[in-house]
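The values are calculated or read from the model by the stated rules, or taken from the named source; none is laboratory data. Here the structure is a predicted model, which is why all the values come from computation and not from measurement. Glycine gets a Cβ as well: all are built from the backbone with ideal geometry, and neighbour counts include every protein chain shown. With ligands, DNA and RNA removed, areas are computed over all heavy atoms of the protein, side chains included. Shrake-Rupley method; radii C 1.70, N 1.55, O 1.52, S 1.80 Å.
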Amino acid sequence: MPKKIIGLYPGSFDPITNGHIDIARRAVKLCDELHVAVVGNPSKKALFSVERRVELLQKTMGRVPGVKISSFNGLLVDYARQLKAQIIFRGLRAVSDFEYEFQMALINRALHPQIEVMFLVPNEKYIFLSSSSIKEVAKFGGKLKGFVPPEIEKALRAAYQPSSLKAKGARP
């Protein structure tokens, strides 16, 4: 019986964009099981809690065959070992992404030599998207159609409503 190939696509996904979804849909075709995992990074100031990001991922990616949604804290390679993942998928949009991702891939290889890192480039219509740019557009009421799924647009609109910012202390 052939070995089951398990992939891991980690990210902050704050929020998930159509570019992230494009990468995940292509990555799942390259493995038997893909874990799309929210990284709980306390050094990053997130708009949505880890639990809310997992919930939003479930709404947008949870029904894709072969995709499992999860979250983790700590080292990526430790989580990869826990899942028995053989591949870490990372998206690349620009040369600046490559420099950072290449450095991280080398560190991860030093920590876990058995794991492979595979870089995927999103469809060119999503190449400019980033979670931070999406949050900026949403904050000022800009158009989000085509950048994020409707469920994410709704969550962003709710997060940036002036009344919800005051009521929740600006941290939805």
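Scan Ala85, Ala158, Ala138, Ala105 and give me the residue that is part of a helix (DSSP H, G or I), open to solvent by less than 60 Å² (accessible area, probe 1.4 Å) and in contact with a strand residue (DSSP E or B) (Cβ under 7 Å, 6 or more places away or on another chain). Even if it seems obvious, please write down each step before you answer.
On the way: Ala85 fails: part of a helix (DSSP H, G or I); Ala158 fails: in contact with a strand residue (DSSP E or B) (Cβ under 7 Å, 6 or more places away or on another chain); Ala138 fails: in contact with a strand residue (DSSP E or B) (Cβ under 7 Å, 6 or more places away or on another chain).
Sole residue among the options that is part of a helix (DSSP H, G or I), open to solvent by less than 60 Å² (accessible area, probe 1.4 Å) and in contact with a strand residue (DSSP E or B) (Cβ under 7 Å, 6 or more places away or on another chain): Ala105.
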Scan of region 113-135 for residues that are surrounded by 18 or more Cβ atoms within 10 Å (Cβ to Cβ) and either over 18 Å from the mean Cα position of the chain (by Cα) or of a type in the set (Asp, Glu) (or both), ordered by number
Ile115
Filter result (open to solvent by 90 Å² or more (accessible area, probe 1.4 Å) and without any contact (Cβ under 8 Å) to a residue 12 or more places away in the chain) within region 59-82:
Arg63, Gln82
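Is there a residue in region 39-54 that is without any contact (Cβ under 8 Å) to a residue 60 or more places away in the chain, of a type in the set (A, V, I, L, M, F, W, C) and within 18 Å of Ile115 (Cβ to Cβ)? Break it down into steps so the answer makes sense when it comes.
Here is the first cut: in region 39-54, the ones without any contact (Cβ under 8 Å) to a residue 60 or more places away in the chain are 39-46, 49-51, 53-54.
From what's left, of a type in the set (A, V, I, L, M, F, W, C): 39, 46, 50, 54.
Remaining after also requiring within 18 Å of Ile115 (Cβ to Cβ): 39.
Yes - at least one qualifying residue is present in region 39-54.
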